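S.K.: Structure in structure tokens, see below.
Values quoted throughout were computed directly from the atomic coordinates according to the rules given, and no laboratory measurement underlies them. Every value quoted in this text rests on a predicted model; they were computed, and no experiment measured them. Glycine gets a Cβ as well: all are built from the backbone with ideal geometry, and neighbour counts include every protein chain shown.
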Amino acid sequence: MKIAVFYNLSFGGAKRVVFEHVRGLRNKGHILDLYVVNAKNDIFDPSKFCRNTYKYKIDLTSALPVIKRFIRDYKNFFSLKNLHKKIAFEIDSRNYDIVLVHPDKLTQAPFILRFLKTANVYYCQEPLRIVYEYSYRLREKVDFLRRIYEEFTRLYRKQIDRQNVRSASFTIASCYHIRERMIAAYEVYPKVVYAGVDEKVFHVVDREKRNKVLYIGSPGITTDGYDLAKEALEYIPADIRPKLHRIFWKKANGERLSEETLVKIYSQSIVTLCTSRFETFGLVPLESMACGVPVIATKVSGHRETIIDRETGFLVDFDPKEIADKIMLFLLNPELSNRLGGSGRAWIEKKWTWKKNIDDLETLLEKMSKSYED
């Protein structure tokens, strides 16, 4: 197939999905062209696997500090829309079989979906969180006019996101949890193609120095559940209490930790804690299991799809004591960590490799392209 791929994402997990989709589809013999807004080079640069890369820019800055927020929103809502209309026209003129559309960080679901006449599919990794999640509600004590403005722009963003999603020819969700959220938010009924993990990069290495309980999260996000992990360790007797090794995806200078560093950190861990109170899908459990390290995760969202309770780790409630009890099982029975870690690695190889999920994506794209033509 001849496939156009669109995205506007910053460095992170969502962009990695674009990278793996493009690389996987290219390796299966398809021809891909990339359409990207405000492109930045990093290790997840999909352009190296594309025949052509078409780059576009939009500047949201303003020289007028007093109204810079208004100018940014205006450009976001209107200038960006016009840019996407132009990109859609150019894509339609090049006779693609299908357009694989990933999110735009400025709107979530991108405007381009409204204008494409070519068969297209929106790959949704999450609905627009700022308007659908209570934890992102407006809390700041701001004056009346600013609050009215913020509420209005959020409502407008919600309308934009919803109309864009519903304009897509087809939709795909990154997991069944996201599919259910899309049904509730947009009244669309997507297929599911999971994200995956590179089992060759994230692999089992020497684990003789396991002495840490690992937590990977983002600073300042309460729903990530670091407080649960920290409190759980307090329930473990001090004489056997392991170190809670907390790391963030990014270093202090803004750079992402290398995959080699992450593999080393996983390999030194007894277990990985995934204690988020609300996780859209979560790549950490997949990476941990791929490295042969079991997971203790809350029974939320994507965790329920990626982890087999008591086989590749444990699913727990928002209960620090329960989390502590599960950590104690690993501390008092080191063989349990090896056994569940081995089962986790086998589970990854069976279900969660990028190769398998790209096979699923390819099959869907071919069916969608054909049905659109018919």
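S.K.: Could you derive backbone 3J(HN,Hα) for segment 49-56 from the dihedral phi with the Karplus parameters 6.51, -1.76 and 1.60 (θ = phi - 60°), listing whole Hz in sequence and x where the residue is Gly or Pro?
M.R.: 9, 10, 5, 9, 10, 10, 10, 10
S.K.: I'd like the Karplus ³J(HN,Hα) series for segment 289-297: coefficients 6.51, -1.76, 1.60, θ = phi - 60°, whole numbers in Hz, and an x wherever there's a Gly or Pro.
M.R.: 5, 4, 8, x, 10, x, 10, 10, 9
S.K.: Which trypsin sites (Lys or Arg not before Pro) does segment 49-92 hold that lie in a coil by DSSP with at most 14 other beta carbons within 10 Å?
M.R.: On the way: sites: ARG51, LYS55, LYS57, LYS68, ARG69, ARG72, LYS75, LYS81, LYS85, LYS86; in loops: ARG51, LYS57.
The qualifying sites are ARG51, LYS57.
S.K.: For segment 57-193, count the residues as N, evaluate 2.2 N^0.38 Å, and divide the Cα radius of gyration by that value, please.
M.R.: Its radius of gyration relative to the 2.2 N^0.38 Å reference: 1.14.
S.K.: Any idea what the alpha-carbon Rg over 2.2 N^0.38 Å comes to for segment 212-351?
M.R.: Working: Rg = 13.8 Å, N = 140, 2.2 N^0.38 = 14.4 Å.
Cα-based Rg divided by the globular estimate yields 0.96.
S.K.: Let me ask something additional. Could you give the length gained on full extension between SER93 and LYS57, defined as 0.36 nm per residue of separation minus the Cα-Cα distance, in nm? Could you put the intermediate results ahead of the total?
M.R.: Details: separation 36, 0.36 × 36 = 12.96 nm, distance 2.03 nm.
Contour length minus Cα-Cα distance gives 10.9 nm.
S.K.: Right, something else. How big, in percent, is the set of alpha carbon pairs in segment 149-250 lying more than 18 Å apart? Don't jump to the answer; show the numbers that get you there.
M.R.: On the way: 3690 of 5151 pairs.
The calculated P(r) of segment 149-250 puts 72 percent of pairs beyond 18 Å.
S.K.: Continuing with the same structure: So what are the three principal axis dimensions of the chain from its Cα atoms, in whole Å, longest to shortest?
M.R.: 65, 56, 38
S.K.: Out of TYR194, TYR149, TYR35, any idea which swings most in a Gaussian network model of the chain, alpha carbons joined below 10 Å?
M.R.: TYR149
S.K.: Separate question: Positive end of the charge dipole of segment 11-138 (Lys, Arg +1 and Asp, Glu -1 on Cβ, about the Cα centre): tell me which of VAL36, TYR74, ASN120 has its Cα farthest that way.
M.R.: TYR74
S.K.: Now, a different point. Find the relative contact order for segment 212-351 and round it to a whole percent, using C-alpha pairs within less than 8 Å whose residues are 6+ positions apart.
M.R.: Working: 246 pairs, mean separation 35.7, N = 140.
After rounding, I find 25 percent.
S.K.: While we're on this one: How high is the FRET efficiency between MET1 and LEU257 when r is their beta carbon distance and R₀ equals 41 Å, given to the nearest 0.05? Present the calculation step by step, with values, prior to reporting the outcome.
M.R.: Details: r = 35 Å, r/R0 = 0.86.
Working from the Cβ atoms, E equals 0.70.
S.K.: Counting other Cβ atoms within 10 Å of each Cβ, which trypsin sites (Lys or Arg not before Pro) in segment 127-178 have at most 16 and sit in a DSSP loop? Mind dumping the intermediate values first?
M.R.: Details: sites: ARG129, ARG137, ARG139, LYS141, ARG146, ARG147, ARG154, ARG157, LYS158, ARG162, ARG166; in loops: ARG137, ARG139, LYS141.
Here the sparse-neighbourhood loop sites are ARG137, ARG139, LYS141.
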